[in-house]
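To start, the structure itself, in C-alpha cells.
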Amino acid sequence: MSTHEPLVPPGAAYYPVQSNRGPRTYAFLLVPGFTLLAFSSAVEPLRIANQLSQKPLYRWRVLSEQGRPVASSSGIVVAADEALGPLDRETDLFVCAGNIPSAAASIGVVTSVQRHHRFGGVVGGICTGAIALAHAGVLEDRRFTLHWENQPGFLEDFPRLTPTGNRFESFGRTLTCGGGAASTDMMLALIARDHGADFAAMVSEMCLRTVLAGAEPEQRSSLAVLMRSRSPALIAVVKLMNEHLEDTLSLEELAEAAGCSRRHIERLFKATVGETPNGFYRGLRLDRGRNLLSTTDMTLLEVATACGFNSVSHFSKCFKARFGTVPTRFSHRSRSPGRPLSERGVPARLPG
C-alpha cells in the first residue's frame, strides 16, 4: 500500500489531543454500487478528528479492485487512490458495499479479506460489506451486523450466521456497521477508544450529532415508536407476526398469545394501523418476499413458501396487488446476474 501524508485541514474549532503514536491507517475498499452516505459517514469523522486536533491522528486511502473509479448506488463516481493489493497488518481494511450482494462477493475482494485477516489485520464491513466477510469465513462465532434491509436475504444465504440488529459491532479483529449514519457511530467509537470519550464527543458535535455514540444501539426504532402506539397487546401481536412469517399463526392464536380477544385485536388494528390484522400480516409476508426476490437466488416457489403462501399463484396474485408488478419481473433487479452466493430470517417490516 502506498504511503502519503495524512490530511490535516485547517479549521476554526480546536481540541487538544495528547498522542505520541503515529497515525492509524484505514483502507476503504469500494465495490460497485457502494452507498455513498455510508462511505462518507465513515471517512468524515477521521477528517474532523485530524482537523480538531491539528494532528495527523488518522490516515485513509480509497481502494478499488482494479484501481479504477467506482460508481456508487447514487451514480456518483468516486476515484480510487490505488488498486487492491497486500496491506500492512496495521491497516484496517473496510469493504464498502451496497445493494448488489455479488459485488462484495467477488473473488478478489473475498481473497483480500481472507489474506488480511489471516495475517493479523482488522477487517470490516460497511453497509453490506459483511457479505464479503461472510464469504471470507471470518464471521463464525462473532457478533456482526449489516443493513437491516439486506438481513433477510443474508440469512437465507448464510443460515449459520446471524447478524444483530445493532447499528455497529466490534468483535476482535472484525468491525461491521449497518451503513448510513451508523458508519459515523462506529468511527466515533473507534476515536473514543484511541483518544478518549471527550474528544469523540467533540467530533460528534462537529458532525452536528445530538445523540452520543452508543446511545441508540439498534438500527431500527422500537415497535412502540414506529406504530405510535402504547398498546402492549398490539406490539406483542406485531412482534409475533414478524417472528412467524413462514409458519403463519391464525388470528385466534395471535390473540391468545397477546392475552386478549380476537375482536379486541381487530379493533386495535383498525384504530391504529388502519387495516385488518390479516391484511397487515399479509403485507409483512409480501414485504419479505420482495426483499428475498431482490437479494437472493431463491426460486419463486422457495420465496412463496418462505413467506407462508401455499402456492406460487396465490403469492403472485397478492404480490401484484401490493406492488403493482408480478414477482417474476421484480426478481433480481438489484443483483448482477449469474453469480449465486455461497450458502442459503425474518425481516423487520414495520409501519411508520
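Order the peptides 39-48, 177-186 from the highest to the lowest mean number of other Cβ atoms within 10 Å of their residues. List each step's numbers first, then the result.
Values: 39-48: 21.6, 177-186: 26.3.
Per-residue Cβ counts within 10 Å, averaged per peptide and sorted highest first, yield 177-186, 39-48.
Karplus-based coupling profile of segment 241-252, in residue order and whole Hz: 4, 5, 7, 10, 7, 8, 9, 5, 9, 6, 4, 4, with θ = phi - 60° in 6.51 cos²θ - 1.76 cosθ + 1.60 and x standing for Gly or Pro.
Determine the gain in length on full extension of the stretch H314-R329; use 0.36 nm per residue of separation and subtract their C-alpha separation, reporting nm with one decimal.
Details: separation 15, 0.36 × 15 = 5.40 nm, distance 1.62 nm.
Stretched out fully, the H314 to R329 stretch lengthens by 3.8 nm.
Recomputing semi-axes √(5λ) of the Cα gyration tensor in Å from the coordinates shown identifies the correct label among (1) 39, 30, 21; (2) 52, 22, 17; (3) 40, 25, 16 as (3). Taking the three principal axes of the alpha carbon atoms in segment 84-159, the coordinate ranges are 34, 24, 17 Å, sorted in descending order. Full extension of the chain between E302 and F119 yields a length gain of 61.9 nm, computed as 0.36 nm times the residue separation minus the alpha carbon distance. Stretch E90-A12 to full length: gain in nm at 0.36 nm per residue minus the Cα-Cα span? Length gained, E90 through A12: 24.9 nm. Distance between the pseudo-spin-label points of R322 and S261 (7 Å out from Cα toward the beta carbon): 3.0 nm. Hydrodynamic radius of segment 16-124 by the Kirkwood approach over all distinct alpha-carbon pairs: 14.5 Å. Taking each DSSP H run with n ≥ 4 as -39500 (n - 2.57) and averaging over every residue of the chain yields -12500 deg cm²/dmol at 222 nm. The lysine pair count for the chain, using Cα distances under 26 Å and pairs eight or more places apart or on different chains, is 5. Net charge dipole, segment 96-198: roughly 300 debye, given to the nearest 20, about the Cα centre with Cβ charges of +1 for Lys and Arg and -1 for Asp and Glu.
Of the solvent-accessible surface of the chain, computed with a 1.4 Å probe over protein heavy atoms with every protein chain present, carbon and sulfur atoms account for 52 percent.
The values are calculated or read from the model by the stated rules, or taken from the named source; none is laboratory data. Predicted model, so just to flag it, every value in this text is computed and none were measured. Backbone-built Cβ (ideal geometry, glycine too); neighbour counts: all protein chains shown. Only protein heavy atoms, including side chains, enter the accessible area calculation; ligands, DNA and RNA are left aside. Shrake-Rupley method; radii C 1.70, N 1.55, O 1.52, S 1.80 Å.
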